[in-house]
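Take a look at the structure set out below.
Please treat every number below as a calculation from the coordinates, not as lab data. Since the model is a prediction, treat every value here as computed from it, not as a measurement. Glycine also receives a Cβ, built like all others from the backbone with ideal geometry; neighbour counts cover every protein chain displayed.
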Amino acid sequence: MSKLDQAYWQSRYEQQDTPWDIGHVAPPLKAFIDKLENRDARILIPGAGKAFEAIYLHQQGFKEVYVLDWAMSAFENLLSAVPDFPREHLLCTDFFELQGKYDLILEQTFFCALEPSLRKAYVAKMASLLPSGGTLAGLLFASHFEMAGPPFGGTETEYKTLFEVHFEICCIKMAENSILPRMNNELFFELIKK
């Protein structure tokens, strides 16, 4: 397996080898976003890729949306769809080196793209980017995969054990409105930083 570094992800975008890209906001995340009321919340989307969630948030009036990806070319879709998206909100860096505080972090195909050996570090970093009471929410795969990743799967029990160190678990449940290829294999979760 290739090293999952900046060059790896840049190459995937250049070759348009992005099978995780569903071309729109994942329905469970859209339903979550539609319930958000605070348009001033600082929202981070790590591993944002083509950033459909960021596009949707921006169109709904959220102005403090930040997207992070290692591959600058990943942002081309976002800038094409939303030319007035603030350039200073495009964070092209290593997630584990990111600084700052956010009220909400949205997870969509970032966790599953990381080597499983980085999962504890992921949880600790997410916790460091949120204030007490901040929210981490999104989607995780609900099973392991037979093929080598990425993506890397997992189980609800594994996720709970990982997250409960730093977070109160509001819910981890099977998403009811997943796209057909992910139906019955996608967990929606919402966590509150302790």
Exercise. Can you spot the lysines whose alpha carbon is less than 30 Å from Lys35's alpha carbon? Ignore those fewer than 8 places along the same chain.
Key: Lys50, Lys63, Lys101, Lys120, Lys125, Lys160, Lys173, Lys193, Lys194
Quiz item: What is the local net charge at Lys173, summed over the other residues whose Cβ is closer than 12 Å to its Cβ (Lys, Arg +1; Asp, Glu -1)?
Solution: -3
Quiz item: Using θ = phi - 60° and the Karplus curve 6.51 cos²θ - 1.76 cosθ + 1.60, what whole-Hz ³J(HN,Hα) does each residue of region 86-102 get, with Gly and Pro shown as x?
Solution: x, 4, 6, 8, 8, 10, 9, 7, 6, 3, 6, 9, 5, 10, x, 10, 9
Quiz item: By its C-alpha gyration tensor, with a ≥ b ≥ c as the square roots of the eigenvalues, how is region 112-194 shaped: rounded for a/c under 1.5, else prolate for a/b larger than b/c, else oblate?
Solution: oblate
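Evaluate the relative contact order of the chain (contact order divided by residue number), counting alpha-carbon pairs under 8 angstrom at least 6 apart; express in whole percent.
Numbers: 342 pairs, mean separation 37.0, N = 194.
Value for the chain: 19 percent.
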Quiz item: Could you give the length gained on full extension between Met174 and Phe145, defined as 0.36 nm per residue of separation minus the Cα-Cα distance, in nm?
Solution: 8.7 nm
Quiz item: Among 105-113, 123-131, how do they line up from the highest to the lowest mean number of other beta-carbon atoms within 10 Å?
Solution: 105-113, 123-131
Self-check item: Global form of the chain, assessed from the alpha-carbon gyration tensor, a/c cut-off 1.5
Solution: rounded
Quiz item: Using only helices, what value at 222 nm comes out for the chain when you add -39,500 (n - 2.57) per DSSP H run of length 4 or more and divide by the total residues, to the nearest 500 deg cm²/dmol?
Solution: -7000 deg cm²/dmol
